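Undergrad: The structure follows.
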Amino acid sequence: MWLKIRRPDVSRWSIRRKLLCMTSVLLIAVSLLGVRASQTYAQRSAQLSYDRLLTGAALQIAEQIALRHGKVVADLPRAAFETLALAPDDRVYYRILGPDDEHITGYDDLPSAPATRVRHAGSADGDTFRKVFFDARYRGEAVRFVVLERLLTETDFSGYIQIQIGQTTLARTSLADEISLRALQLIGLLFMVALLLVSLGIWMTLRPLERLNSALARRSSVDLSPLDLAVPREISKLVRTINHFMQQLGGTLDGLQRFTSEAAHQIRTPLAGLRSQAQNALDEEDAGLRQRQLNRVLESADRLSDTVNQLLSQAVLAHRLRSQQTEPVALDQLVREQCRQLALPALEQGVELAYDGDDAVLLQANAFALRQMVQNILENAIRYSNPGSEVQVRLEQDESYISLSVADQGPGIPDAEKPLVFERFYRSPNNVRTGSGLGLAIAKDVASYHRASLKLTDNQPAGLVVTVRFHRRRVL
Amino acid sequence: MRLSRLLTGLLLSATAAALQAETLWALPAKGTQASVLQIHGGADFVAIAPVLEAYQRKYPSIRVNYHEFGTRELYNRFLADLPKTPDLVMSSAMDLQFKLVNDGYAQPYRSAETQALPDWARWRNEIFGITYEPAVMVINSGFLDNETLPSSRAELIDLIRRKGDQVRGRIGTFDIETVGIGYLVWSHDNLRTASNGRLLESFSLHDTQLFSSSAAMLQQLALGNIVIAYNVLGSYAHAWARKYPVLSVVLPSDYTTVIMRSAFIPRASGNAPDAQRFLDFMLSLQGQQILADKSSLYPIRDDVSGETSAQNLRLSYSSPLRPIPLGVSLLVQTDAMKRSLILEEWRRAFEAPRGPGASAADDQ
Ligand SMILES: Nc1ncnc2c1ncn2[C@@H]1O[C@H](COP(=O)(O)OP(=O)(O)OP(=O)(O)O)[C@@H](O)[C@H]1O
Ligand SMILES: [Mg+2]
């Protein structure tokens, strides 16, 4: 067995799968955005909280700095460090610098703030306090620093003292992690709920389709009655189309059935006649009479064969019309060709065929079918003409129409009969010529396939004019 | 005596080097020596000896060199010897210990034993509390006549005021300039309570004597040369009170500050595995029981039974215990300027000549 490895054919995926895929992709994208946003938010809010602690501690220390006997004295408050201890596992470093960066107390090797930043960092307290945060590595660890500058003014002294506090980042990292974990849990939950809702929605949307499917599946193959289902508006269109289609199918089937039974009748009756004629001939003792009867048998067999041929050609035609594409056809050439083929048989009947037509008449059509139609119409005109008369074939075109007319000088068709001759197997009751009664029916089928009109009018003084008019614009 | 009995089993080799403050106690391995554990200790060797002895019985291949210092000297030496460090540093000067750990000189260590410690007795898995030590008052009740013992600082101040001349020159406390834990406890109380100022005033008015160790203070108390000893370490106080029934130990009912003996393993330790084993041993039930039974120290574990267990301490006294937690607040006490401010206040109060026990020796 051959195992074909195919690329996944997305257009064949189930709607459920497609919708789920699409919504999942969307949900995942939204969730990823959410995760990223929450991480940024978590980092920022953790940073903010712990920066506040740092600022608070620095302010507490700043308040305890005073001048004593002209010297800057920093009396470190325990509360400042208890504030910092809210980050229980983080190391703390600090230093206090006097004016001219003179070391007052604390760690003497702390990294300084990037100089430009301290100067530019403004604060709501005007010039009394200035502060700046920065990150640096100190003693092998990432440390967040705050530098707070306070203007110290006494009667004989004015200058900035600088308080710098650093704290390692364990607590802020874990707070940020905790916040983003919470957010992650929430997003995960939302994701699951959304997916569930979407699945439910898809199920609810597709359920009418399934109901429709099972309603159709439950039917017997001959039941073509319209479906009666309560379905949403979007799907009721489909139901209407299905009903319309079934109705048409029903019509077609009816037609086919009628055709089959008519055809059977049409074949059975001549066959029965043929059989009795043959029987008669067998029973006939007189050789002369037998010869005549046998000739009649032959004639009947020819007629029957004509009928069968017509039936078969109609079947072939119907098949071709259904299966073949249209192509550009030069109608003038096609008509001229048919006339040439029929000119000789016509002359044998004493009928003259005259063609008068425009050149280069192009049409998007099925050539085989057109040929059949033209042949049937021409055959009729020739067959029902009196010897010595003329059949005129005319092909004309303007911007919007192409019209083909065949006019003869035969008996014509009375107005009452005109609609009837298009029916299958209909033949005029006073028609003495042989024929199966299918020719015009086929011509009508071909015309309507090409969306052309087929009209019968009377010729003056006598005869019939058959006119086929194609819409140039209505290309198939 | 207990001390001499302990010493007979040990090879004592106190180095009479230039550094008077350092004493080396070398304990050879009980079996074939495989490694050496260098310990720098701020506790006196006698207190820690029983647990060392038990440790060596359990791990016979380890030789222990125990270097004994005053707590401040221990701190200074640690910084001076860098990058060379011992394998374990133990001291009761929590502030100095904490400062070294905060500054990144310790390595983290986690084990079942360290994880069992309460939160306030551990920081970053780098420094660990080993024993408790309440700071108590000891009164020679001989001089009280029929009066009741003072149970709080307020009552103590009141008593001193009432007795007046009777207690002049007969109150003793640590010299916080030289004694590390004296400074730790005093500065801690100072930062926490405003009433400390009144106590200091009362001490200075009555010519309080300053001592450099609990032992010296308690000896003078037992002799009756002083009658009140303030901020003595609880383990010593109880040991002396058992010997001299006239001494009454009081855990002040307003608050009793509790300090911790703590240990850390330096980052640059050359023998961290042995140090970790020793730390685990001290924190184990067996080690804690030995500290409680043989050294009369207060073990930090709740599940150790005995007279000096933390549990016992909590149950038998109504006094609110205030352990000084291992945390960044301790940095305040190590700040040079803060220290000089506290000492300045202290010195102003004691401008009078020093008491007889004052010297730059050990601080227990
Ligand atoms: N040109 C014509 N003049 C007069 N009557 C005609 C003409 N064409 C058709 N008819 C009538 O219409 C009837 C139906 O024509 P149709 O072509 O369908 O059948 P047919 O000619 O009898 O048989 P066949 O199937 O062999 O063509 C004919 O029997 C005939 O009576
Ligand atoms: Mg015909």
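Undergrad: Can you give the Rg to Rh ratio of the range A:219-323, both from alpha-carbon atoms, with Rh computed by the Kirkwood formula?
TA: 1.33
Undergrad: Rounded if a/c is under 1.5, else prolate if a/b beats b/c, else oblate: with a ≥ b ≥ c from the C-alpha gyration tensor eigenvalues square-rooted, which is chain B?
TA: prolate
Undergrad: For a quick check of understanding: with a 1.4 angstrom probe and all protein chains in place, what accessible area in square angstrom does B:Ile342 have, to the nearest ten?
TA: Looks like 10 Å² after rounding.
Undergrad: Shifting gears a bit: What is the diffusion coefficient of chain A in µm²/s, taking the Kirkwood radius over Cα pairs and the Stokes-Einstein relation at 4 °C with a viscosity of 1.567 mPa s?
TA: 39
Undergrad: Still on this structure: Over the range A:265-331, with every protein chain in place, what whole percent of the accessible area is carbon and sulfur at 1.4 Å, could you tell me?
TA: Carbon with sulfur: 52 percent of the solvent-accessible area.
Undergrad: Further question on the same structure: Mean residue ellipticity at 222 nm from the helices of chain A, using -39,500 (n - 2.57) per DSSP H segment of n ≥ 4 over the full residue count, to the nearest 500 deg cm²/dmol?
TA: Rounded to the nearest 500, the figure is -18500 deg cm²/dmol.
Undergrad: Just how large is the dipole of the range A:219-323 about the Cα centre, in debye to the nearest 20, putting +1 at every Lys and Arg Cβ and -1 at every Asp and Glu Cβ?
TA: So the dipole magnitude of the range A:219-323 works out to roughly 580 debye.
Undergrad: What are the semi-axes of the equivalent ellipsoid of the range B:59-98, taken as the square roots of 5 times the eigenvalues of the Cα gyration tensor, listed largest first and rounded to whole Å?
TA: After diagonalising the Cα gyration tensor, the semi-axes are 21, 13, 9 Å.
Undergrad: Could you work out the mean count of beta carbons from other protein chains within 10 Å of each residue's beta carbon in B:336-346?
TA: Mean number of neighbouring Cβ atoms from other chains: 3.
Undergrad: So how much accessible surface do A and B hide from each other in total, probe 1.4 Å, in square angstrom to the nearest 100?
TA: The summed interface area works out to 2000 Å².
Undergrad: Please compute the average number of Cβ atoms from other chains found within 10 Å of each residue's Cβ in peptide B:325-334.
TA: Rounded to a whole number, the mean comes out at 6.
Undergrad: Would you mind checking the tilt of helix B:45-58 against the longest principal axis of the Cα atoms of chain B, expressed as 0 to 90 degrees and rounded to 10?
TA: Roughly 30 degrees between the two axes.
Undergrad: Expressed as a whole percentage, what fraction of the accessible surface of chain B belongs to carbon and sulfur atoms when a 1.4 Å probe is rolled over the protein heavy atoms?
TA: It is 52 percent, rounded to a whole number.
Undergrad: Can you list residues from other chains, or at least 5 along the same chain, whose modelled amide H is less than 5 Å from the amide H of B:Lys30?
TA: Long-range HN contacts for B:Lys30: B:Ile62.
Undergrad: Give the angle, between 0 and 90 degrees and rounded to the nearest 10, that separates the Cα long axis of helix B:71-81 from the longest principal axis of the Cα atoms of chain B.
TA: Value to nearest ten degrees: 40.
Undergrad: Turning to a different aspect of this structure: Need one word for the range A:345-393: rounded, prolate or oblate. Basis is the Cα gyration tensor (sqrt eigenvalues a ≥ b ≥ c); a/c below 1.5 gives rounded, then a/b vs b/c decides.
TA: oblate
Undergrad: Accessible area per residue for the range A:174-323 in Å², computed with a 1.4 Å probe and the full protein assembly in place, what is it?
TA: 72
Undergrad: Among B:Thr85, A:Gln64, A:Ile402, which residue has its Cα positioned farthest towards the positive end of the charge dipole of the protein assembly as shown, with +1 placed on the Cβ of Lys and Arg, -1 on the Cβ of Asp and Glu, and the dipole taken about the Cα centre?
TA: A:Ile402
Undergrad: By how many degrees, 0 to 90 and rounded to 10, does the Cα axis of helix A:367-383 deviate from the longest principal axis of chain A?
TA: Computed tilt is about 20 degrees.
Undergrad: Follow-up. Mind checking which aspartates and glutamates have their Cα closer than 12 Å to the Cα of A:Lys418? Skip sequence neighbours fewer than 8 apart in that chain.
TA: A:Asp458
Undergrad: Treat every Asp and Glu Cβ in chain A as -1 and every Lys and Arg Cβ as +1, leave all other atoms uncharged, and give the resulting dipole magnitude about the Cα centre to the nearest 20 debye.
TA: The calculation lands at about 1160 debye.
Undergrad: Measuring from centroid to centroid over Cα atoms, what is the spacing of the range A:260-327 and the range A:415-461 in Å?
TA: So the separation of the two Cα centres works out to 21 Å.
Undergrad: With the dipole of the protein assembly as shown worked out from charges on the C-beta (+1 for Lys and Arg, -1 for Asp and Glu) around the Cα centre, which of A:Leu19, A:Ala346, A:Ser38 lies farthest toward the positive end?
TA: Of A:Leu19, A:Ala346, A:Ser38, it is A:Ala346.
Undergrad: Which value at 222 nm does chain B reach when only helices count, each DSSP H run of 4 or more adding -39,500 (n - 2.57), with the total divided by all residues and rounded to the nearest 500 deg cm²/dmol?
TA: Computed mean residue ellipticity for chain B: -11500 deg cm²/dmol.
Undergrad: Using a 1.4 Å probe, what is the accessible area per residue for the range B:36-163, in Å²?
TA: Heavy-atom SASA per residue in the range B:36-163 reads 32 Å².
Undergrad: Which whole number in µm²/s is D for the range A:325-476 by Stokes-Einstein, with the Kirkwood Rh taken over Cα pairs at 37 °C and 0.692 mPa s?
TA: D, rounded to a whole number, is 211 µm²/s.
Undergrad: In addition: For the protein assembly as shown, state what percent of all Cα-Cα pairs lands in each successive 20 Å bin, counting from 0 Å until the bin that includes the largest distance.
TA: The distribution over the protein assembly as shown is 11, 25, 16, 8, 8, 11, 13, 6, 1, 0, given as percents.
Undergrad: Give me the one-decimal Kirkwood hydrodynamic radius in Å for the range A:141-188, with the sum taken over alpha-carbon pairs.
TA: After inverting the pairwise mean of 1/r, the radius is 14.0 Å.
Undergrad: Taking the Cα centre of the protein assembly as shown as origin, sum charge times position over the Cβ atoms of Lys and Arg (+1) and Asp and Glu (-1), and report the length of that vector in debye to the nearest 20.
TA: 1480
Undergrad: What residues qualify as long-range amide H neighbours of A:Thr105, i.e. H under 5 Å apart, gap of 5 or more or another chain, H built at 1.01 Å from N?
TA: Counting only residues 5 or more places away or on other chains, the set is A:Ile96.
Undergrad: Arranged from highest to lowest average of other beta-carbon atoms within 10 Å per residue, in what order do the peptides B:210-219, B:56-65 appear?
TA: Highest mean packing first, the order is B:210-219, B:56-65.
Undergrad: Oh, and also: Please average, across the residues of A:89-98, the number of beta carbons from any other chain that are within 10 Å of each residue's own beta carbon, and give a whole number.
TA: Taking the mean over all residues of the peptide, I get 3.
Undergrad: Return the subset of B:Lys58/B:Lys294; B:Lys30/B:Lys294; A:Lys71/B:Lys99; A:Lys71/A:Lys131; B:Lys163/B:Lys294; B:Lys58/B:Lys99 for which the Cα-Cα distance in this structure is over 28 Å, preserving the input order.
TA: In this structure, B:Lys163/B:Lys294; B:Lys58/B:Lys99 exceed 28 Å between Cα atoms.
Undergrad: While we're here: How high is the relative contact order of chain B, in percent, with contacts defined as C-alpha pairs under 8 Å that are six or more residues apart?
TA: RCO, chain B: 24 percent.
Undergrad: Spelling out what I want: for every residue of the range A:341-354, take phi, set θ = phi - 60°, compute 6.51 cos²θ - 1.76 cosθ + 1.60 (Karplus), and round to whole Hz; glycine and proline get x.
TA: With coefficients 6.51, -1.76 and 1.60, one gets 5, 8, 4, 5, x, 5, 4, 4, 8, x, 10, 9, 10, 10 Hz.
Undergrad: Moving on to the next point. For the range A:219-323, what is the relative contact order in percent, using Cα pairs closer than 8 Å and at least 6 residues apart in sequence?
TA: In percent, rounded to a whole number, it is 20.
Undergrad: Principal axis extents for the range A:17-177, Cα atoms only, whole Å, descending order, please.
TA: Cα extents, longest axis first: 83, 32, 25 Å.
Undergrad: Distances over 17 Å make up what percent of all Cα-Cα pairs in the range A:375-448?
TA: Tail of P(r) above 17 Å: 50 percent of Cα pairs.
Undergrad: Taking every DSSP beta bridge that has both residues in the range A:325-476, what percent is antiparallel when rounded to the nearest 5?
TA: Expressed as a percentage, antiparallel bridges in the range A:325-476 total about 80.
Undergrad: Considering the dipole of the range A:132-224 built from charges on the beta carbon (Lys and Arg +1, Asp and Glu -1) around the Cα centre, which of A:Pro208, A:Gln185, A:Val222 is farthest to its positive end?
TA: Highest projection toward the positive end goes to A:Val222.
The values are calculated or read from the model by the stated rules, or taken from the named source; none is laboratory data. Small disclaimer: the values here were computed from a predicted structure and weren't measured. Glycine also receives a Cβ, built like all others from the backbone with ideal geometry; neighbour counts cover every protein chain displayed. Side chains are part of the model used for accessible areas, which takes the heavy atoms of the whole protein and leaves out ligands, DNA and RNA. Shrake-Rupley method; radii C 1.70, N 1.55, O 1.52, S 1.80 Å.
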